[in-house]
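Heads up: the structure comes next, in structure tokens.
The values are calculated or read from the model by the stated rules, or taken from the named source; none is laboratory data. All figures in this text were calculated on a predicted structure; none of them were measured in a lab. For neighbour counting, all protein chains shown are included, and Cβ atoms are generated from backbone atoms with ideal geometry for every residue, glycine included. Just so you know, the surface numbers come from the protein's heavy atoms only, side chains and all, with ligands and any DNA or RNA stripped out. Shrake-Rupley method; radii C 1.70, N 1.55, O 1.52, S 1.80 Å.
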Amino acid sequence: MAYQNYAQFLELMALLKTLGDQVRVINLREPSGIQLQDLLKQPFKHRQMTRKSEFEIGVWSGAYWQARMNDIPGCLAKTHLEGKSIRFQLQLTDPIEKLLDTEETWRGTSGEYIVTLGEESSAVRGTDASLPVLTATVNAFSRLWLGVRPATGLAVTDSISGSPELLTQLDKVLRLPTPHFDWEY
């Protein structure tokens, strides 16, 4: 695969999808900064349909853990990053709000935050119109904060958006190792 930007990457993925009636199996390696699993609507459906056939599909992707931030200010207060600090306005949505009883005191993490990422990181509820805006679900923002994928990659496959400049800055500040929760010591 060769592409110069994520729009071209998505165009290549769309092309592969249109070949579905002509090509039975496509094998490809996961590109840098992208999780192909994010592009699959039903990752296990075709594996079951082709099981034990000549064209058995080996989609070896699947989530077996989920991590999410339940306290944005608390998580970011414990975050210390090297390099230049950045500040931005975070507009966060939390899909769990629809599932919580109205009597619950904790209502999720949705809201507007002024976020600073750097040696001293923070998230404070509020707005600042002078800052660049990052819009995200708590799920996508958690993946970004954990280092699962860079901001530019998540903007292609997940619910996160911002100016190209802000996404690039986030990529530079959040240079973290890929998390592996099942590491055994």
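Side notes on the structure shown:
- Shown is the FRET efficiency for Glu165 and Lys52, computed with R0 = 35 Å from the Cβ-Cβ distance and rounded to the nearest 0.05: 0.10.
- For the peptides 152-162, 113-123, residues were scored by their other Cβ atoms within 10 Å and the scores averaged per peptide; the highest-first order is 152-162, 113-123.
- Accessible-area order (highest first, 1.4 angstrom probe) of the listed residues Val124, Val148: Val124, Val148
- Estimated from the Cβ-Cβ distance and a Förster radius of 30 angstrom, the FRET efficiency linking Leu131 and Leu36 is about 0.40.
- Heavy-atom accessible surface of the stretch 92-169: percent carbon and sulfur, 1.4 Å: 55 percent
- Among the protein heavy atoms, those of Leu176 account for about 60 Å² of accessible surface (1.4 Å probe, every chain in place).
- The HN-Hα couplings worked out from phi for the stretch 151-167 by the Karplus form 6.51 cos²θ - 1.76 cosθ + 1.60 (θ = phi - 60°) are 4, 5, x, 5, 5, 7, 10, 10, 8, 9, 8, x, 5, x, 5, 5, 4 Hz, whole numbers, x standing for Gly and Pro.
- Taking 0.36 nm per residue of separation and subtracting the current Cα-Cα distance, fully stretching the chain between Asn27 and Leu15 would add 2.9 nm.
- Inter-label distance, nm, simple model (7 Å from Cα along the C-beta direction), Lys78/Tyr6: 2.8 nm
- Paramagnetic reach from Arg87 (point 7 Å along Cα→Cβ, amide N under 16 Å) across the stretch 104-123: 113-123
- Glu82, Glu30, reordered so the largest accessible area comes first (probe 1.4 Å): Glu82, Glu30
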